[in-house]
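Colleague: After the structure tokens below, expect a handful of questions from me.
The values are calculated or read from the model by the stated rules, or taken from the named source; none is laboratory data. On a predicted model such as this, the values are computed, not experimentally measured, just so you know. Heads up, the Cβs are rebuilt from the backbone with ideal geometry, glycines too, and the neighbour counts pull from every protein chain shown.
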Amino acid sequence: DSHKYITYTDLAREQAGEKACKIRDNKLEKYYNMDFGKESMEHEFERNARTAEAEQSKRAASRVKPTEPDRAGKQSAQRSVGDVERELRGIDEAVKSRTSEGRAEQAERRRAEQEAHQRAEAERRAAEEQQRIASRRYIGRDWEPER
């Protein structure tokens with residue numbers, strides 16, 4: 001007989017330490033009391049594929065439940081894009097802070113921010129002083145000390 005048999009390994013038996021863990025394909029039906037014919041195997045493969053596909057689509061549907069179908073996707077996408085952009089800016093700043101050019105750029109930016117803050121503070125003080133002077137002039141016109 002030149003027929004070649006396919007031999008399967010029963011992993012449960014092998015892990016249990018049994019020596020008789022190899023099973024020829026013509027004995028599968030006898031050991032497992034199931035139909036291992038070509039048609040039944042194809043049917044099982046198709047059924048398993050349909051079941052897996054249904055479970056996957058069910059999981060995907062449960063993840064995305066928009067409350068407003070027109071805008072929900074856009075809003076979450078915009079939030080995602082915003083989150084990614086913030087993360088990239090943070091990474092960019094971290095990289096720049098570790099290079100000499102980046103440190104110089106950050107120092108220049110800090111210096112410019114400090115100068116702008118000092119200018120704004122000086123302008124605020126000047127405006128307060130002008131208000132004080134104007135209010136003194138106004139009070140000075142109408143106010144006469146009592147004698």
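Colleague: If you scan the stretch 1-23, which residues turn out to be surrounded by fewer than 11 Cβ atoms within 10 Å (Cβ to Cβ) and in a helix (DSSP H, G or I)?
Modeller: If the condition is that a residue be surrounded by fewer than 11 Cβ atoms within 10 Å (Cβ to Cβ) and in a helix (DSSP H, G or I), then 11, 12, 15 are the ones that fit.
Colleague: Report, ordered by the first and then the second residue, all pairs with beta carbons closer than 8 Å, sequence separation of six or more or different chains, a first member in the stretch 25-40 that is over 17 Å from residue 9 (Cα atoms), and a second member that is assigned to a helix (DSSP H, G or I).
Modeller: 35/29
Colleague: State whether the residues of the stretch 24-36 include one that is modelled with pLDDT of 90 or more, at negative phi, part of a helix (DSSP H, G or I) and among the acidic types (Asp, Glu).
Modeller: First, pick out the residues of the stretch 24-36 that are modelled with pLDDT of 90 or more: none.
There is no residue in the stretch 24-36 that is modelled with pLDDT of 90 or more, at negative phi, part of a helix (DSSP H, G or I) and among the acidic types (Asp, Glu).
Colleague: Which pairs do you get when a residue that is on the phi > 0 side of the Ramachandran plot, found in the stretch 1-22, comes within reach of a residue that is modelled with pLDDT of 85 or more and not in a loop (DSSP other than H, G, I, E, B), reach meaning Cβ atoms under 7 angstrom, with the pair 6+ apart or on two chains?
Modeller: Listed pairs, sorted by first residue: none to list.
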